[in-house]
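Scroll down for the structure; my scribbles are underneath it.
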Amino acid sequence: MLQKYLFAKNEDIPAGTSSIFFAFSAIVWFVIGTGLGTFNAAKLGFPDWITGYQMFAFGKMRQVHVMAVIFGWISMAFASAMMYITPALGNTKLWSEKLGVWSCLNWNIGLAVGLITMWMGMTSGREYSDFIYPIDLIFLFFVLIPVSLNVWMTIAHRRTQGIYTTNWFFAASSFMFIIVLLVGNLPEYFHLTGLTEAYLTWWNAHNILGLWITPVAAAIAYYTIPKITGNPLYSHRIGHLHFWSIVIFYSTPAAHHLMSAPLPEWLKSFASVEGVLILVPAIAFVSNILLTMQGKWNMFVENIETRFTVTGVLLAIPLNMQGGFQQTRSINWYIHGTGWIVAHAHLALLGFSTFIEVAAVYYGMQTLMKRKLYSLALANFHFWMLLIGFSIYWISMTIAGLIQGAGKIYEVPYIDIVVAEHPYMIARWFGGTLVFLGNCVWLYNMYMTARVGTPLPAGRMAHELAYER
Amino acid sequence: MAFREYKIGSVMFGVALSLSMAITLVMPSYNIIAVGATATALDKQLTYGQVSGFSFHDPFLKGEGKPKKVLLKQDPMTGAPMESMYAYVFSADTPFPSGILHPQVLGKGVRELSIEQGKINDALTPGGAVFVVKEGEFEGKPYPYIENATATKGWKPDEVLKSAGDANTIYAGAGKQMFVREGCWWCHTLLPEQTQDFQVFGPPPLLGDFNGESPTAFGSDRKAPDLLHVGSRNSSKEWMMLHFFNPRLVQPHSIMPRFDYLWGETDANGDKINYDAWRKAYIEYRNGERVMPPDVPAYRSDSEIRYLIDFVLNLK
């Protein structure tokens, strides 16, 4: 399928091709990533389940799950959204579909190689930059920079006068992601050591979240909600506030991940204050989207894309309330390094950003393939599996984290904490399994949409048509 | 280019991002590089070698190209008894750590002493070198420093290893490679937190304890106890051996994975280890069908589990 377009002339490639390839790759990586996640959770719940294979040891697989989800599912879904939303908002075509198709191919190959080498044990030993640095460089120059170039050039060649909020975020976030990966991996290129290495590891990890995943997910919601509901964005001024406060406040609190490390105290205090100020973009974003929904709240119930997006936006409320305050010294003292943080990370990635991206993929694929979704029942099933599975995961890990925190503070022998949190480890595995099964159904639904979905008449949007099944 | 309507915005964006990076990257680095290395930092980098994790010296993280820490009880050249001390043996072609290659990471006092009295600049990778950590005085203040014993005392790597013997050789450098590769740090941190941790798990690390070490592998998720000082609270090789082979042998409620595969194909006597039979016997034991668990095979002195146990016990 893909090779048909790799060597075709750019003009001969249908609009949306690269977005469709990115979307299906993203869904496949989502199935793989959540499958690995539920396997890992099972290993924690039942440590004697599969033993004796080096490959299936928890310590070898944990980072494969994390990287598959971040760089496979989340980032590729972003790329898919960028490849169709950027030209749509510029009233133009994608700058180069061919470059998009090639970056999709490079991305899949590079990620597969990166995950396999990491699974074999080839790792840098630095969290969130676990890939060995040759893979990082390949990802940067053959994947990320081509994708970003496509976004920037499409915006530069737009046929509208202004640039809509979503496209500011796309252009700026892809630029910042390049800088973050370049700087964050400096310890590996130049063998920087000690606290410099430790700090840059978390500078990188924090900014992947803060300057790439959070703003791009928000940018997608800025497109899908006004587009699907037909309401104009509530306020562009609040959009401005969101954008600038992301750049200023979200890029600075990296040190709050290392509150117990011997870093300069001024840096930790500064990071903690800036961390609370992340509430500024967060509140701006959530209020802007929810106010855009005015008069169209029926679509939250009736329309699957709106429901996914708004659920993601609503999940951003607990996410940011946790995120703003859990990194202050007093709260961090209690919950640092516990399951609370694991729950928070899944609230950000599996809650907030995944729900928004799922909507972007549902909407984009129906629009680009000009086919109505194969089955609404399966899409609803997918929604509830994701939401219930995620909720079980989040609640159980939050409880486990509070138990761990109490055990930490009151000097309980560690094994008693392990015993106390074991039921929640099993609950987390169950929740993760629901998410995985929901995603398998989603993959089937999207595949059937591509094969036998009802064709959309020209000029009509997918949700304007009644469902046949 | 059609960003012209956004000229001010683009400039503002550049200014904002640069300011953020100046505050979060440039300013802290002045503080961090001003910190001098402690004796702990010198010990760690001489023990772990240049870099743990991936490098082209050890792409598959097998523990190759790592120094060995030895406990010397006699002078390796003359054989005369002496007060026991640790030496760090870099055999030929073992890459040197940051402190030797870039002494500026050590901080001023340590750097000057290491270069002038320790002669670390005379160390050459092809021939290998033996280092020791000494106490010295610079501008009236005490500092630890690295001494290149190959240059100052004529100690040769091979002779030092031979003099110490296998029982007094600590493969903690290769062991840290195992620690990183096997993902121990996904559950065990190397950073006691600002809580009562300090009473249970030992004192927090100091500012200068990390100079020259990479990766620091602090870890972020505590599904298990902190290990920074684990060698001080449990120094039993036998306990470690049982615990790594199957943690449930010594701690029935543990959720730690088994690391039996680090024993390799054969045991200390060169006999093939029958893992299937062991697991079968263990299941019988767990089901109450036998009274004692099966014996854990003794590990080879060059097995990966020996490296890892050496690393863990060396965390004092």
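Tell me whether the range A:60-71 contains one or more residues that are in contact with a Cys (Cβ under 8 Å, 6 or more places away or on another chain) and facing chain B (nearest Cβ under 10 Å).
No, the range A:60-71 contains no residue that is in contact with a Cys (Cβ under 8 Å, 6 or more places away or on another chain) and facing chain B (nearest Cβ under 10 Å).
Before we move on, is A:L211 within 12 Å of another protein chain (Cβ to nearest Cβ) and within 16 Å of B:T216 (Cα to Cα)?
Judged against the criteria, A:L211 is not a match.
Can you tell me which residues in the range A:154-174 are part of a helix (DSSP H, G or I), among the aromatic types (F, W, Y) and more than 17 Å from the chain's Cα centre (by Cα)?
Once the filter is applied, which keeps residues that are part of a helix (DSSP H, G or I), among the aromatic types (F, W, Y) and more than 17 Å from the chain's Cα centre (by Cα), the range A:154-174 yields only A:W168.
Condition first: in contact with a Pro (Cβ under 6 Å, 6 or more places away or on another chain), free of Cβ contacts under 8 Å to residues at least 40 places away in the same chain and more than 7 Å from every other protein chain (Cβ to nearest Cβ). Now tell me which residues in the range B:1-60 satisfy that.
Within the range B:1-60, just B:H57 meets the criteria.
Please tell me if B:Y282 is surrounded by 18 or more Cβ atoms within 10 Å (Cβ to Cβ), aromatic (F, W, Y) and part of a loop (DSSP other than H, G, I, E, B).
no
Of the residues in the range A:247-269, how many are among the β-branched types (V, I, T) and farther than 14 Å from A:Y199 by Cβ?
So the answer is 2.
Please work out which residue is surrounded by the fewest Cβ atoms within 10 Å (Cβ to Cβ), limiting yourself to the range A:303-339 and to residues that are hydroxyl-bearing (S, T, Y) and more than 18 Å from A:A359 (Cα to Cα).
Top of the filtered list is A:S330.
Scan the helices (runs of 4 or more DSSP H) fully inside the range A:46-153 and keep the ones with 3 or more residues being in contact with a helix residue (DSSP H, G or I) (Cβ under 9 Å, 6 or more places away or on another chain) and of a type in the set (S, T, N, Q).
A:75-90, A:97-119
Scan (1) farther than 28 Å from A:P187 by Cβ; (2) assigned to a loop (DSSP other than H, G, I, E, B) for the single condition B:P126 breaks and write down its number.
(1)
What pairs can you find where one residue is in the range A:68-81 and at pLDDT 95 or above, the other is not in a helix (DSSP H, G or I), and their Cβ atoms are less than 9 Å apart, with a gap of 6+ or different chains?
Going by the 9 Å Cβ cut-off, the qualifying pairs are A:I70/A:Y128; A:F71/A:F131.
So the check is Cβ under 6 Å with 6+ separation or different chains; which pairs have a first residue in the range A:96-121 that's within 13 Å of A:M76 (Cα to Cα) and more than 14 Å from chain B (Cβ to nearest Cβ) and a second one that's among the aromatic types (F, W, Y) and in a helix (DSSP H, G or I)?
That search, which allows pairs on different chains as well, returns A:V101/A:Y5; A:C104/A:F21; A:C104/A:F22; A:N106/A:F142; A:G110/A:F139; A:L111/A:F71.
Might you check whether a residue that is among the small types (G, A, S), within 21 Å of A:H336 (Cα to Cα) and surrounded by 23 or more Cβ atoms within 10 Å (Cβ to Cβ) occurs anywhere in the range B:145-154? Before the answer, list the steps.
Of the residues in the range B:145-154, the ones among the small types (G, A, S) are B:149, B:151, B:154.
Now narrow it down to the ones that are within 21 Å of A:H336 (Cα to Cα): none.
No; the residues of the range B:145-154 include none that is among the small types (G, A, S), within 21 Å of A:H336 (Cα to Cα) and surrounded by 23 or more Cβ atoms within 10 Å (Cβ to Cβ).
Residue under question is A:T196, and the condition is that it be facing chain B (nearest Cβ under 9 Å) and not in a loop (DSSP other than H, G, I, E, B); does it hold?
yes
Results for (1) in contact (Cβ under 8 Å) with a residue 40 or more places away in the chain; (2) of a type outside the set (K, R); (3) surrounded by fewer than 18 Cβ atoms within 10 Å (Cβ to Cβ), shown as yes or no for each residue.
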residue	(1), (2), (3)
A:A360	yes, yes, no
A:F381	yes, yes, yes
A:S391	yes, yes, yes
A:Q404	yes, yes, no
A:M448	yes, yes, yes
A:L456	yes, yes, yes
A:G459	no, yes, yes
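Given (1) in contact (Cβ under 8 Å) with a residue 60 or more places away in the chain; (2) in a helix (DSSP H, G or I); (3) in contact with a helix residue (DSSP H, G or I) (Cβ under 6 Å, 6 or more places away or on another chain), where does A:Y234 come up short, assuming only one miss?
In the conditions (1) in contact (Cβ under 8 Å) with a residue 60 or more places away in the chain; (2) in a helix (DSSP H, G or I); (3) in contact with a helix residue (DSSP H, G or I) (Cβ under 6 Å, 6 or more places away or on another chain), A:Y234 misses (2) alone.
Considering only residues that are among the acidic types (D, E) and not in a loop (DSSP other than H, G, I, E, B), look in the range B:208-252 and name the one that is farthest from the other protein chains (Cβ to nearest Cβ).
Looking at the filtered set, the residue picked out is B:E238.
Filter the range A:26-59 down to the residues that are small (G, A, S) and without any contact (Cβ under 8 Å) to a residue 40 or more places away in the chain, then identify the one that is nearest to the other protein chains (Cβ to nearest Cβ).
A:G59
Return the residues of the range A:271-302 that are in a loop (DSSP other than H, G, I, E, B) and surrounded by fewer than 21 Cβ atoms within 10 Å (Cβ to Cβ); say none if nothing qualifies. Working first, answer last.
Initial filter on the range A:271-302 (in a loop (DSSP other than H, G, I, E, B)): A:278, A:293-297.
Matches in the range A:271-302: A:M293, A:Q294, A:G295, A:K296, A:W297.
Condition check: hydrophobic (A, V, I, L, M, F, W, C) and farther than 30 Å from A:M299 by Cα. Does A:V216 satisfy that?
no
Give me the helices (runs of 4 or more DSSP H) completely within the range B:31-123, filtered to those with at least 3 residues that are under 21 Å from A:N185 (Cα atoms), ordered by residue number.
Values: elements: B:39-48, B:98-101, B:108-116.
So the answer is B:98-101.
Tell me the residue from B:P192, B:P205 that is facing chain A (nearest Cβ under 8 Å), in contact (Cβ under 8 Å) with a residue 60 or more places away in the chain and surrounded by 20 or more Cβ atoms within 10 Å (Cβ to Cβ), please.
Exactly one residue qualifies, and that residue is B:P205.
Within the range A:181-238, how many residues are among the aliphatic types (A, V, I, L, M), surrounded by 24 or more Cβ atoms within 10 Å (Cβ to Cβ) and within 30 Å of B:Q45 (Cβ to Cβ)?
Matching residues across the range A:181-238 total 2.
Looking only at the range A:346-358, decide whether some residue is within 14 Å of chain B (Cβ to nearest Cβ), part of a helix (DSSP H, G or I) and crowded, with 19+ Cβ neighbours inside 10 Å.
yes
The values are calculated or read from the model by the stated rules, or taken from the named source; none is laboratory data. All values derive from a computational prediction rather than experimental measurement. Using ideal geometry, Cβ is built from the backbone for each residue, glycine included, and neighbour counts are taken over all protein chains shown.
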